[in-house]
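The values are calculated or read from the model by the stated rules, or taken from the named source; none is laboratory data. Everything numeric in this text was worked out from a predicted model, so none of it was measured. Cβ: placed from backbone, ideal geometry, glycine included. Neighbour counts: every protein chain shown.
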Amino acid sequence: MAKQPDLYEHSIALLKQENVSIQSIAELVFFLQKDYIKDLTVEECIDNVSVVLKKREVQNAIMTGIALDELAQAKQLPEPLQHIIEIDEGLYGVDEIMALGIVNVYGSIGLTNYGYIDKIKPGILAELNAHKQGEVHTFLDDIVGAIAAAAASRMAHSLPLIQDEDK
C-alpha cells in the first residue's frame, strides 16, 4: 500500500504551485485584522494561517478546488460545467459553498470576514481573480479568501474583550 502524503505539506505545495504562499495569505489576514489588534504583526498572521491549514476540511478543500480548476484549465470538464467554471460565472456559487466550509470552522465572524475580502479582493486575491488568459482560479480565489477569513476569525476569537474595554 502506498504511503499517504502529509496533507498539510501537500496542501502547501499545491498552493505554492499556484503561486500562493502562506505569507500572501497572512497579508490578507493582516489587512482584515490590523484595525482591531494593536501591534499586530504579519508573523502572528502567518502562525494563524498555518493553524488553519492544518485542518483536514481545509486541506480537502484545497485539493478539491485546485483539482477542479486544473481540470477546467485543461478543458477536461463536461459542458456546460466547463464553460461555467472557466468563466467563473457569478451565479455558479459552488466555489463559494466550498469556501464557506472553511469559513465556518471559526464561527460566524468568518462569514463577514469572507464576504468583505471576497468583495474587495485585495492582494493575492486580485491576482487570482484577474482571469488571465489560460488560467482558471474559480475555486482557488475563494479558498484562499476563506483561509484568510478563518485565520482572522481565529485571531478575533483568541482575544478577550480587550478592544471593547479600551473604549
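Table: residues versus (1) out of contact with any Leu (no Cβ under 8 Å at 6 or more places or on another chain); (2) closer than 19 Å to residue 123 by Cα.
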{"site": "10", "(1), (2)": "yes, no"}
{"site": "28", "(1), (2)": "no, yes"}
{"site": "56", "(1), (2)": "no, no"}
{"site": "80", "(1), (2)": "yes, no"}
{"site": "95", "(1), (2)": "yes, no"}
{"site": "100", "(1), (2)": "no, no"}
{"site": "104", "(1), (2)": "no, no"}
{"site": "107", "(1), (2)": "yes, no"}
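Take residue 126 and tell me if it is without any contact (Cβ under 8 Å) to a residue 24 or more places away in the chain, part of a helix (DSSP H, G or I), small (Gly, Ala, Ser) and out of contact with any helix residue (DSSP H, G or I) (no Cβ under 8 Å at 6 or more places or on another chain). When the stated conditions are applied, residue 126 passes them. For residue 150, the test of being in a helix (DSSP H, G or I), surrounded by 19 or more Cβ atoms within 10 Å (Cβ to Cβ), in contact with a Leu (Cβ under 8 Å, 6 or more places away or on another chain) and at pLDDT 95 or above is failed. Take the residues of the range 1-32 that are part of a helix (DSSP H, G or I) and either β-branched (Val, Ile, Thr) or in contact with a Cys (Cβ under 7 Å, 6 or more places away or on another chain) (or both): which is farthest from residue 152 (Cα to Cα)? Only one residue tops the list, namely 12.
Suppose the filter is more than 19 Å from residue 156 (Cα to Cα), buried (at least 21 other Cβ atoms within 10 Å of the Cβ) and of a type outside the set (S, T, N, Q); does residue 124 pass it? Spell out the reasoning first.
Details: more than 19 Å from residue 156 (Cα to Cα): yes; buried (at least 21 other Cβ atoms within 10 Å of the Cβ): yes; of a type outside the set (S, T, N, Q): yes.
Judged against the criteria, residue 124 is a match.
With respect to the conditions (1) free of Cβ contacts under 8 Å to residues at least 40 places away in the same chain; (2) closer than 20 Å to residue 20 by Cα; (3) part of a helix (DSSP H, G or I); (4) not hydrophobic (A, V, I, L, M, F, W, C), residue 59 falls short on a single one, namely (1). Residue count for the range 83-101 satisfying the condition of being touching a helix residue (DSSP H, G or I) at 6+ places or on another chain (Cβ under 8 Å), closer than 23 Å to residue 151 by Cβ and not acidic (Asp, Glu): 4. Residue pairs whose Cβ atoms lie under 9 Å apart, sitting 6 or more positions apart in sequence or on different chains, and linking a residue in the range 14-42 that is farther than 25 Å from residue 68 by Cβ to a partner that is basic (Lys, Arg) and in a loop (DSSP other than H, G, I, E, B), are 40/34. Picking from residues in the range 35-60 that are within 14 Å of residue 143 (Cα to Cα) and aliphatic (A, V, I, L, M), the one that is surrounded by the most Cβ atoms within 10 Å (Cβ to Cβ) is 49.
Being on the phi > 0 side of the Ramachandran plot and under 18 Å from the mean Cα position of the chain (by Cα) is the filter; apply it to the range 67-102 and report the residue that is surrounded by the fewest Cβ atoms within 10 Å (Cβ to Cβ).
Filtering the range 67-102 for residues that are on the phi > 0 side of the Ramachandran plot and under 18 Å from the mean Cα position of the chain (by Cα), the one surrounded by the fewest Cβ atoms within 10 Å (Cβ to Cβ) comes out as 93.
Looking at 105, 144, 136 in this structure, which one is in a loop (DSSP other than H, G, I, E, B) and either at pLDDT below 90 or surrounded by 13 or more Cβ atoms within 10 Å (Cβ to Cβ) (or both)?
Testing whether each residue is in a loop (DSSP other than H, G, I, E, B) and either at pLDDT below 90 or surrounded by 13 or more Cβ atoms within 10 Å (Cβ to Cβ) (or both) leaves just 136.
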